[in-house]
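Trainee: Quick one: structure below, then a few questions.
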Amino acid sequence: MQVVKPGHVFDRDREWDALVRFATSDSPDVRLGIVSGRRRMGKTFLLDAVAEAVGGFYYAATDGTQATALADFGAALAQQADGGRYAFADWDEALRQVSRLSRGLVVLDEFPYLARSAPGLPAVLQRALGPRGYLRAGTTRLLLCGSAMSVMGGLLTGSAPLRGRASLELVVQPFGYQEAARFWGADDARLAVLVHSIVGGTPAYRREFVAGDVPSSLSDFDAWVQRAVLSRQVPLFREARYLLAEEGDIRDTAIYHGVLAAIADGNHTRGGIAGYVGRKATDIGHVLTVLEDSQLIARETDPFRKGRSFYRIREPLIVFYEAVMRREWSRLERGDQAAVWRSSRATFLAKVVGPHFEGLCRDWATSATAAGALGGTAAEAGATVVADPARRAQIEVDVAMLAADEPGSQRRILSLGEAKWGKTLGVRHLQRLRRARDLLSVRGYDTSATVLACYSGTGFDADLRAAAHGDRQIALIGLGDLYQ
Ligand SMILES: Nc1ncnc2c1ncn2[C@@H]1O[C@H](COP(=O)(O)OP(=O)(O)OP(=O)(O)O)[C@@H](O)[C@H]1O
Ligand SMILES: [Mg+2]
């Protein structure tokens with residue numbers, strides 16, 4: 001069955017197709033789906049549109065007791081079924097009625113609220129979906145949706161009752177950086193990077209949170225930051241704080257902010273973060289786990305050293321908040337954003353845009369378009385640090401890419417790259433990459449075809465361009481390539 005995605009839903013073609021396939025499937029094995037993803041990613045927006053398109057029943061729960069939730073659900077179901085009154089004694093009764101009434105998709109959005117007021121609900125669903133259960137026998141296809149990753153993730157793991165019952169598991173992610181540029185209408189690549197370094201790919205930040213205010217051009221960027229991000233009258237202003245406060249598992253926000261501030265300040269290892277917040281590395285393990293589970297931070301492993309991980313903040317707005325807004329909060333509350341922006345702009349470029357640009361380059365390097373320029377598709381990609389004992393130095397490699405491990409042969413390094421947002425790269429940057437490559441070669445890697453990649457948001461000097469000319473093992477990648 002072909003169900004056309006409505007025009008107001010931007011991107012999300014893959015998600016749309018998966019949801020429509022689920023909603024219209026004839027298979028008795030397709031009865032339960034789980035949709036999750038962080039707040040503001042557009043789960044409700046998407047599910048509402050799908051339910052509308054296929055004539056399904058969409059219900060969003062609110063916080064409440066089991067009794068109020070059942071009453072609310074009964075009223076919504078009655079409205080959908082044209083009148084009637086339902087007073088359900090429990091969820092089993094409510095779901096039986098749903099399976100009698102509905103001939104297709106039923107969406108239970110904000111499911112974590114329901115699960116909290118009725119801890120037995122997953123077990124009720126398990127029975128209803130079991131071999132002789134009424135949901136299994138009927139034609140209802142149930143989608144559970146929610147943002148509390150601790151609840152949604154837990155529905156299907158370990159010994160959870162619903163494990164093995166879901167035929168669809170969809171995580172709604174932020175838009176990729178290229179889609180985000182289109183979404184924001186940022187045709188200028190430089191503007192697109194700057195905007196993405198603050199609001200990332202979260203759809204809601206382009207709409208309700210700034211009332212549709214987008215920078216009209218690169219020259220409007222500074223004014224836009226002041227009126228749309230740093231202004232206390234705009235919802236985006238408090239958003240980074242709310243994001244953390246809304247995570248159910250977080251009680252003492254101070255230590256969480258401390259850890260996020262540490263990462264935003266450039267401390268990416270567990271030891272570095274612990275040092276910054278003045279705790280022992282073992283004491284922040286729980287905080288890191290909670291932040292990782294709630295998808296606010298990500299742990300990336302060094303492709304050359306398995307035991308070494310880097311922590312990164314996944315939501316750019318949090319980096320921006322920790323690096324720029326938090327330290328100026330009282331001035332911002334007084335409405336002095338012009339002065340704050342004047343004194344924070346350099347910090348913004350160094351702590352926010354610079355590292356963000358490195359991340360975009362890593363994203364690009366693993367994309368299909370990059371494979372041609374970088375000698376293949378990477379099995380692993382990430383940042384690394386190469387020790388140079390003879391010179392008592394450490395060489396940071398921002399974008400390192402490895403081919404798949406083939407037993408019996410040396411691991412091939414596809415590419416080593418350096419990324420700089422605000423600097424024109426020259427031959428000396430290339431020399432550093434050469435040195436890193438030679439050191440890794442001594443350590444047993446196959447570097448015979450390694451491409452040395454220079455990524456710049458500013459450009460490359462004449463000597464570097466001359467060196468790269470006609471040499472397939474040197475790649476110069478500018479903003480035009482990233483946004484091709
Ligand atoms: N694909 C999209 N195209 C256009 N706008 C979108 C899209 N997805 C989301 N939005 C915008 O983002 C807003 C927030 O999305 P939505 O409320 O669906 O997020 P959510 O994931 O349900 O968040 P929460 O977990 O807080 O409920 C929408 O109201 C809409 O303005
Ligand atoms: Mg929602």
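Values quoted throughout were computed directly from the atomic coordinates according to the rules given, and no laboratory measurement underlies them. It should be emphasised that the depicted structure is a prediction, and the values quoted were computed from it without experimental measurement. Note that we place each Cβ from the backbone using ideal geometry, even for glycine, and neighbour counts take in every protein chain shown.
Trainee: Take the alpha-carbon positions of the range 368-482, form their convex hull, and give its projected area averaged over all directions (one quarter of the hull surface) in nm². Write out the running numbers ahead of the final one.
Mentor: Numbers: hull surface 29.1 nm².
Its average projected convex-hull area is 7.3 nm².
Trainee: Right, another one. Starting from the 7 Å offset along Cα-to-Cβ, what nm value, one decimal, do you get for the label separation of Thr377 and Arg182?
Mentor: Spacing of the two 7 Å Cα→Cβ label points: 2.1 nm.
Trainee: Same structure again: Grab the Cα-Cα distance for Asp90 and Thr157, subtract it from 0.36 nm times how many residues apart they are, and report the gain in nm with one decimal.
Mentor: Difference between extended and current length: 21.6 nm.
Trainee: Please give the charge dipole size of the chain, origin at the Cα centre, charges +1 on K and R Cβ atoms and -1 on D and E Cβ atoms. Round to the nearest 20 debye.
Mentor: Dipole magnitude for the chain comes out near 860 debye.
Trainee: I've got another one for you. Please list, or write none, the lysines whose alpha carbon is within less than 20 Å of the alpha carbon of Lys5, excluding same-chain residues fewer than 8 places away.
Mentor: Filter leaves Lys43.
Trainee: Could you give the nm distance between label points at Ala281 and Gln484, where each point is 7 Å from its Cα heading toward the beta carbon?
Mentor: It is 4.0 nm.
Trainee: Now for a different question. Give the calculated FRET efficiency between Tyr242 and Ala387 to the nearest 0.05, with a Förster radius of 41 Å applied to their Cβ-Cβ distance.
Mentor: My answer for the efficiency is 0.45.
Trainee: May I pose another question? Helix 253-264: angle to the longest alpha-carbon principal axis of the chain, degrees 0 to 90, nearest 10?
Mentor: 40 degrees
Trainee: Contour minus end-to-end for Ala67 and Ser409, with contour as 0.36 nm per residue of separation and end-to-end as the Cα-Cα distance? All intermediate terms of the calculation are to be shown ahead of the outcome.
Mentor: Values: separation 342, 0.36 × 342 = 123.12 nm, distance 6.42 nm.
Taking 0.36 nm per residue and subtracting the Cα distance, the gain is 116.7 nm.
Trainee: Among Ala18, Tyr59, Pro161, whose Cα lies farthest out toward the positive end of the dipole of the range 13-171, if unit charges sit on the beta carbon of Lys, Arg (+1) and Asp, Glu (-1)?
Mentor: Pro161
Trainee: What nm value, rounded to one decimal, do you get for the distance between Gln173 and Thr269 when each label is placed 7 Å out toward the C-beta?
Mentor: Going from the Gln173 label point to the Thr269 one covers 2.8 nm.
Trainee: Residues in the range 461-482, backbone N under 19 Å from the label point at Ala449 (7 Å along the Cα-to-beta-carbon vector): list them, ranges by number please.
Mentor: Within reach of a label on Ala449, which here means backbone N under 19 Å from a point 7 Å along Cα→Cβ, the range 461-482 contributes 470-476.
Trainee: Another question, if that's okay. At a Förster distance of 56 Å, what's the computed FRET efficiency of Ala76 paired with Arg305, Cβ-Cβ distance as r, to 0.05? Walk me through the numbers before you get to the answer.
Mentor: On the way: r = 53 Å, r/R0 = 0.95.
Once rounded, the FRET efficiency stands at 0.55.
Trainee: Cross-link candidates for Lys351: which lysines have Cα within less than 26 Å, leaving aside residues fewer than 8 places away along the same chain?
Mentor: Within the straight-line cut-off, Lys351 pairs with Lys280, Lys420, Lys423.
Trainee: Assuming R0 = 45 Å, can you tell me the calculated FRET efficiency for the pair Ala462 and Asp213, based on Cβ-Cβ distance, to the nearest 0.05?
Mentor: Once the sixth-power term is evaluated, E becomes 0.65.
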